[in-house]
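The values are calculated or read from the model by the stated rules, or taken from the named source; none is laboratory data. No experiment lies behind these values; they were computed from the predicted model shown. Note that each Cβ is placed from the backbone with ideal geometry, even for glycine, and that neighbours are counted across all protein chains shown. The accessibility values were calculated without ligands, DNA or RNA, using every heavy atom of the protein model including side chains. Shrake-Rupley method; radii C 1.70, N 1.55, O 1.52, S 1.80 Å.
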Amino acid sequence: MNIDFVVNNVWELIVTGLTQGSIYALVALGYTLVYGVLKLINFAHSEVFMVGTFASWLTWNWLGLGVDTKVPPMVQVLGYVVIAMAVAAVAAGATALVIERVAYRPLRKRNAPSLIFLITAIGASLVLMEAVGIIVDRQPRGMPRLVQPAAQFDFFDATVYNVQIVIVVSALAMMAALDFFIKRTKWGRGVRAVAQNPETASLMGVNRDRIIMLIFALGGILAGFAAVLYCLKVGSTTYDVGFNLGIAAFAAAVLGGIGNLRGALLGGLLLGVVENFGAGLFGNPWRQVVSFLVLVLVLLFRPNGILGESLGRARV
Amino acid sequence: MRQRFVRVAGGAALAAAMVASAAACASSNGGETAAANKCGYKIAFFGALTGGNAILGINIRDGAKLALKQYNDKHKDCTVDLVEKDSEGSAEKAPPLATAVAGDSKILGVVGPAFSGESKVANPILSSAGVVILTASATNPALATSGWKTFHRGLGNDASQGPAAARYIKNTLKAQKVFVIDDASEYGKGLADQVKQTLGTAVIGSDVIQEKQTDFSALVAKIQAANPDAIFHGGYVREGAPFLKQLRGAGVKATYVAGDGAKTDDLISGAGKDSAEGSILTCPCVPGDKVEGSFPADYKALSGRDPGTYSAEAYDAANILLKGIEAGNTTRAKLNDFVSKYEGQGITTKFKFQDNGELDPNSVAVWAYIVKNGQIVPDKEIPKA
């Protein structure tokens with residue numbers, strides 16, 4: 001127990017935890033969207049994220065940015081990040097769509113039991129992870145340093161860095177955009193309709209397959225954005241990067257209430273902070289033990305997560 | 001009744017067919033080796049050829065390969081083959097490979113296992129089958145005290161590397177405050193514990209990281225708060241590279257010191273030149289360019305690369321085994337006696353083994369290497385005590 005360290009660094013741990021948590025939240029949205037509509041846990045979603053990290057690595061390499069490149073000027077960095085986000089979003093979104101097309105849709109057409117979906121999800125995940133592992137020789141790939149970390153201001157006694165601001169602000173912006181899309185647009189209404197009652201929705205003229213493709217694509221795009229933010233933060237990626245992060249993001253989705261968009265946000269941020277405190281208090285190896293204990297405790301009292309399932313409920 | 005008869009007859013026929021095919025197989029095999037090579041003895045390489053830490057294994061494999069090539073050029077009528085067992089450096093994958101080595105009676109000795117974790121599970125299997133173990137890289141001290149009769153270590157262990165690294169931190173870097181991390185592996189924890197013990201009160205903090213961890217923000221925050229002069233990392237390059245990158249990203253300037261597990265170019269390509277610059281890597285291995293004779297050139301001709309960490313040690317290890325075979329020690333027991341009593345000059349050091357299989361302390365040299373302009377270059381041999 002390292003109480004001294006935690007007491008002296010409360011705000012530091014909160015700030016770094018929120019940064020990590022916003023990445024969890026973005027990935028958690030992918031789990032939650034698919035679950036909300038299909039009642040399916042898409043375990044291959046972690047690999048969609050992994051594809052996104054490699055897409056941004058490739059993009060930056062194509063643009064001539066290696067691990068040793070000096071930090072480019074601010075305007076260019078913005079361009080590089082936006083391009084990488086576009087490419088990663090397309091790559092991850094496409095991967096998610098391919099997974100849906102190859103691993104899930106044929107089963108859905110045959111009305112397979114939900115357990116079978118779980119198996120193909122794990123299978124698709126392994127195929128992607130191992131394929132990338134073989135291609136990149138299972139070596140970590142270093143990212144260029146795009147943002148020179150610079151202290152921006154002090155938040156209580158924690159120093160806040162520009163990278164952290166970029167990550168938290170862009171993650172929140174994307175989540176707000178998604179929230180708007182689901183609640184205010186015609187397509188979003190379709191998603192909610194299919195989530196609520198697929199049969200009535202199709203009777204009303206909603207194309208169910210299209211809506212399902214839409215949610216996979218949306219989840220993939222968000223995972224792609226998360227991947228770029230992760231690359232900015234961590235500075236390297238490996239073929240199995242999705243594994244731990246996927247479990248954490250899934251836990252975040254459950255913590256907040258799976259199927260609930262705002263729940264994914266809350267769960268992600270909370271999990272990031274709890275993990276950090278766990279690691280600070282008991283040492284790094286306890287990070288996941290603590291966060292999953294918290295998950296179990298929360299589920300004991302609120303079995304549907306903090307905010308409950310809601311994508312399909314009338315409340316939205 | 002009839003059914004039973006058919007079953008019995010069928011079973012007998014099947015068994016007969018199997019025996020016949022096995023015999024055919026054996027005779028064709030025997031014929032082949034007799035034509036090319038009347039001996040057919042083998043030594044095995046055991047270590048990672050794929051996976052995150054593959055480069056260390058490849059260095060060792062190629063060192064051993066060179067020794068075999070030179071031996072076979074001299075003994076065309078009685079060549080020795082190298083069997084490659086790729087463990088991916090993983091303790092989970094090692095036992096079946098060790099069983100396969102033990103079951104092949106033509107394999108007399110092993111260069112390896114390369115890492116300490118896999119050694120712990122593979123060595124009991126190898127040793128109980130009498131296979132001579134001569135590792136060119138596994139440096140956990142406990143390996144020599146586990147009672148494996150055929151274990152030998154052709155280089156210093158972490159009990160020599162750890163204190164030497166600590167002496168370097170204290171005397172050369174003159175660090176007053178040191179933060180120590182390890183990855184809880186046999187190797188990493190062993191090394192970090194040695195460093196902590198030698199540095200004593202200069203250690204102001206420590207933490208444990210996980211294998212395959214990529215995000216170190218909490219740890220970096222902790223290190224930032226502790227503000228050390230130097231950081232010692234007991235572990236491998238896979239975690240070392242991203243850790244170092246994030247450490248520098250957060251503006252921590254403390255010197256990064258790690259052991260031989262992080263001494264590969266992947267540290268620089270993973271963390272970036274700027275982040276890696278000035279890092280110190282210790283290793284009970286002799287720098288390739290300090291090795292005399294034609295070894296560096298021959299190695300490059302064979303593998304297309306300059307000798308890396310442990311290439312020269314592996315070359316020496318393979319040569320000791322080959323000398324034993326050359327002298328007619330063609331059973332595992334005889335070869336083990338030969339290696340245990342062996343005394344002779346290799347290209348890295350003068351070899352002489354203690355009873356527990358450890359190298360004689362006078363033969364052990366630990367070197368410090370430094371990252372300079374994106375290259376790992378020898379700094380100096382760390383003085384003994």
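Numbers for the structure displayed
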quantity	calculated
Some residue of region A:206-219 being within 14 Å of another protein chain (Cβ to nearest Cβ) and at pLDDT 90 or above	no
Odd one out for B:GLY147 among (1) modelled with pLDDT under 95; (2) within 22 Å of B:THR282 (Cβ to Cβ)	(2)
Subset of region A:242-292 (residues that are within 14 Å of another protein chain (Cβ to nearest Cβ) and not in a helix (DSSP H, G or I))	A:GLY283
Matching residues in region B:180-208 - criterion: being under 21 Å from the mean Cα position of the chain (by Cα), open to solvent by 40 Å² or more (accessible area, probe 1.4 Å) and hydrophobic (A, V, I, L, M, F, W, C)	B:ALA184
Tally of residues being away from every other protein chain (no Cβ under 14 Å) and either open to solvent by less than 30 Å² (accessible area, probe 1.4 Å) or part of a loop (DSSP other than H, G, I, E, B) (or both) across region B:268-297	16
Residue list for region B:214-235, restricted to those being more than 9 Å from every other protein chain (Cβ to nearest Cβ) and either in a strand (DSSP E or B) or open to solvent by less than 40 Å² (accessible area, probe 1.4 Å) (or both)	B:ILE223, B:PRO228, B:ALA230, B:ILE231, B:PHE232, B:HIS233, B:GLY234, B:GLY235
Residue check, A:VAL289 surrounded by fewer than 24 Cβ atoms within 10 Å (Cβ to Cβ) and free of Cβ contacts under 8 Å to residues at least 24 places away in the same chain	yes
Unique residue being among the charged types (D, E, K, R) and within 23 Å of B:ILE58 (Cβ to Cβ) when the list is B:ASP337, B:ASP316, B:ASP274	B:ASP316
Which numbered condition B:GLU211 misses (of (1) under 24 Å from the mean Cα position of the chain (by Cα); (2) in a loop (DSSP other than H, G, I, E, B); (3) more than 14 Å from chain A (Cβ to nearest Cβ))	(3)
Out of A:VAL228, A:VAL194, A:VAL169, sole residue that is closer than 29 Å to A:LYS70 by Cα, more than 14 Å from every other protein chain (Cβ to nearest Cβ) and surrounded by 20 or more Cβ atoms within 10 Å (Cβ to Cβ)	A:VAL228
Qualifying positions in region A:199-221 - assigned to a helix (DSSP H, G or I) and open to solvent by 10 Å² or more (accessible area, probe 1.4 Å)	A:GLU199, A:THR200, A:SER202, A:LEU203, A:ARG208, A:ASP209, A:ARG210, A:MET213, A:LEU214, A:ALA217, A:LEU218, A:ILE221
From B:SER294, B:SER275, residue being out of contact with any Ser or Thr (no Cβ under 9 Å at 6 or more places or on another chain), assigned by TED's automatic domain parsing to the domain that holds B:ALA192 and at pLDDT below 95	B:SER275
Single condition A:VAL163 does not satisfy, out of (1) closer than 26 Å to B:PHE243 by Cα; (2) at pLDDT 90 or above	(2)
Any hit, region B:305-315, residues being modelled with pLDDT of 90 or more, acidic (Asp, Glu) and open to solvent by 20 Å² or more (accessible area, probe 1.4 Å)	no
Filter pass, B:PRO383 being under 23 Å from B:SER160 (Cβ atoms) and either under 19 Å from the mean Cα position of the chain (by Cα) or not charged (D, E, K, R) (or both)	yes
Residue in region B:251-261 that is assigned to a helix (DSSP H, G or I), free of Cβ contacts under 8 Å to residues at least 40 places away in the same chain and within 14 Å of another protein chain (Cβ to nearest Cβ) present	no
Filter pass, B:LYS174 being open to solvent by 50 Å² or more (accessible area, probe 1.4 Å), at pLDDT 90 or above, touching a strand residue (DSSP E or B) at 6+ places or on another chain (Cβ under 9 Å) and not in a strand (DSSP E or B)	no
In region B:85-131, residue most open to solvent (accessible area, probe 1.4 Å) [restricted to those that are of a type in the set (S, T, N, Q) and either in a helix (DSSP H, G or I) or at pLDDT 95 or above (or both)]	B:SER128
Criterion: closer than 24 Å to A:VAL6 by Cβ and away from every other protein chain (no Cβ under 14 Å) - qualifying residue of A:PHE180, A:PHE153	A:PHE153
Unique match (being within 12 Å of chain A (Cβ to nearest Cβ) and of a type in the set (A, V, I, L, M, F, W, C)) among B:ALA202, B:ALA241	B:ALA241
Subset of region A:28-58 [β-branched (Val, Ile, Thr) and modelled with pLDDT of 95 or more]	A:VAL48, A:VAL51, A:THR53
For A:THR69: the one exception among (1) open to solvent by less than 10 Å² (accessible area, probe 1.4 Å); (2) within 14 Å of another protein chain (Cβ to nearest Cβ)	(1)
Subset of region A:17-32 (residues that are hydrophobic (A, V, I, L, M, F, W, C) and within 14 Å of chain B (Cβ to nearest Cβ))	A:LEU18, A:ILE23, A:VAL27
Odd one out for A:TRP11 among (1) within 19 Å of A:GLU309 (Cβ to Cβ); (2) open to solvent by 10 Å² or more (accessible area, probe 1.4 Å); (3) among the aromatic types (Phe, Trp, Tyr)	(1)
Residue satisfying condition, being away from every other protein chain (no Cβ under 14 Å), without any contact (Cβ under 8 Å) to a residue 60 or more places away in the chain and open to solvent by 50 Å² or more (accessible area, probe 1.4 Å), within set B:GLU326, B:GLU381	B:GLU381
Exclusive hit being touching a residue at least 40 places away in the same chain (Cβ under 8 Å), over 30 Å from A:PRO113 (Cα atoms) and either assigned to a helix (DSSP H, G or I) or of a type in the set (A, V, I, L, M, F, W, C) (or both), set A:PHE5, A:PHE43, A:PHE49	A:PHE5
In region B:132-161, residue most open to solvent (accessible area, probe 1.4 Å) [restricted to those that are without any contact (Cβ under 8 Å) to a residue 60 or more places away in the chain and touching an Asp or Glu at 6+ places or on another chain (Cβ under 7 Å)]	B:PRO141
Verdict on A:VAL169 being touching a Leu at 6+ places or on another chain (Cβ under 8 Å) and under 26 Å from A:VAL228 (Cβ atoms)	no
Of all residues making up region A:134-146, the number that are at the interface with another protein chain (Cβ under 9 Å from one of its Cβ atoms) and open to solvent by less than 70 Å² (accessible area, probe 1.4 Å)	8
